[in-house]
Amino acid sequence: MERYLGLDVHAASCTLAVISEKGRKLKDFPVETNGQALVEAIRMIPGHKHLVFEEGLQSAWLYETLSPHVDETVVAGIAESRSSKSDRRDAYGLAKKLRVGNLDKIVFKSPRQFTRLRELSRIHMTLVRDTVRVQARIKSLYRSRGILVSGENVYGVRHRESWQKQLSSSAQTRATRLYDHLDFLLEQKKQAEVDLLREAKKHAIVRILETAPGFGPIRAARLVPIVITPHRFRTKRQFWSYCGLGIVTRSSSDWVQTADGSWTKARVPQTRGLSRQHNHFLKSIFKGAATTVTTQRNKDPLYARYERLLDGGTKPPLAKLSLAPMIAATVLRMWKDEEEYDPGRAGLRADKHGG
């Protein structure tokens, strides 16, 4: 006896809907968003249980809490709804899509692997973003007063007094508070980085991946808890798509009618671009690695590939972006083989890619 459970999740309450293997609606009821209450509600449902809920703030916690009590747990990507909407309708809709295998996107979850590394990586990324945001506010303050500012010396302790003297007395108070906020965040970011690197050293795969081109211990420590395992991806193209580096083409009105009335595929302009459904953190990791290669690793074989693209007339931003998929493919192969980066093999692959 198969039962398909759709869970519509909210901060205070959830709606649980149950349908049979033939698609008949059996029952639906509200449940408090509480681990014990949800487990008890699911235990009362007989048969083999298949549970689905949407990706969201609580999805990792729900997956970890409810997976031991059902036969299958699926986390679905959030789908845009243009029709009538309610908690009950959404819960039944999820259950029906799971039953017929019509979910648009399934999100991979494995919360028990690299748990501590994941949390430390998240807090480090949060502090980095907050630091950049405050730095932008400081520069914005000076520019709003007609003061030209560039570079990073405006943030340094030694130069702050000379910079602040150019502001009015009221603006100086604001600048002081922003500088205090920046100092606090820099200290917190430094400690978060220490904690992240200490935890990363406990995982052998992080030490292997930090040898990849453009990588280091921090990028490797961020990458591992996102991907979890390279065996999720059968080919490098699947990995490129997940990272937002896969090329997609779009065309319209592909067929034309010939004189004899038959239809033939016409040559029409195709729009090319990168895949939009992707993990944004991974894309930033590999684009950052490509930037590091082009600015700091001029002895790496991938840098020679970058120079050949420039000599061929490719614009620098596009040439740099073309390195990101190569780095991603290299990292995927290193991870699967559990081998450190070999510049010789990378050079051969770069030459082959260039040909």
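The values are calculated or read from the model by the stated rules, or taken from the named source; none is laboratory data. Not measured: the values here are computed from a predicted model. Cβ: placed from backbone, ideal geometry, glycine included. Neighbour counts: every protein chain shown. Just so you know, the surface numbers come from the protein's heavy atoms only, side chains and all, with ligands and any DNA or RNA stripped out. Shrake-Rupley method; radii C 1.70, N 1.55, O 1.52, S 1.80 Å.
Whenever a residue of region 163-187 is over 19 Å from T131 (Cα atoms) and outside any helix (DSSP H, G or I), its partners that are open to solvent by less than 80 Å² (accessible area, probe 1.4 Å) and not aliphatic (A, V, I, L, M), lying with C-beta atoms within less than 8 angstrom and at least six residues away or across chains, give the pairs Q166/Y142; L167/Y142. L141 fulfils the conditions (1) in contact with a His (Cβ under 7 Å, 6 or more places away or on another chain); (2) farther than 23 Å from R219 by Cα; (3) not β-branched (V, I, T) except for a single criterion, (1). When R297, R207, R222, R305 are checked against the criterion of being in contact with a Ser or Thr (Cβ under 9 Å, 6 or more places away or on another chain), surrounded by 10 or more Cβ atoms within 10 Å (Cβ to Cβ) and closer than 24 Å to G344 by Cβ, a single residue qualifies: R305.
Against the condition hydroxyl-bearing (S, T, Y) and surrounded by fewer than 13 Cβ atoms within 10 Å (Cβ to Cβ), how does T229 come out, does it pass?
On the way: hydroxyl-bearing (S, T, Y): yes; surrounded by fewer than 13 Cβ atoms within 10 Å (Cβ to Cβ): no.
No.
Taking E307, is it modelled with pLDDT of 90 or more and part of a loop (DSSP other than H, G, I, E, B)? Full working, then the answer.
Details: modelled with pLDDT of 90 or more: yes; part of a loop (DSSP other than H, G, I, E, B): no.
It is false that E307 is modelled with pLDDT of 90 or more and part of a loop (DSSP other than H, G, I, E, B).
Filtering region 5-55 to residues that are of a type in the set (K, R) and in contact with a strand residue (DSSP E or B) (Cβ under 6 Å, 6 or more places away or on another chain) leaves K25, K27, K49. Checked against (1) in a strand (DSSP E or B); (2) farther than 18 Å from V74 by Cβ; (3) among the small types (G, A, S), A11 passes all but condition (1). Within region 122-132, the set of residues being touching a helix residue (DSSP H, G or I) at 6+ places or on another chain (Cβ under 9 Å) and open to solvent by 40 Å² or more (accessible area, probe 1.4 Å) comprises R122, I123, T126, V128, D130.
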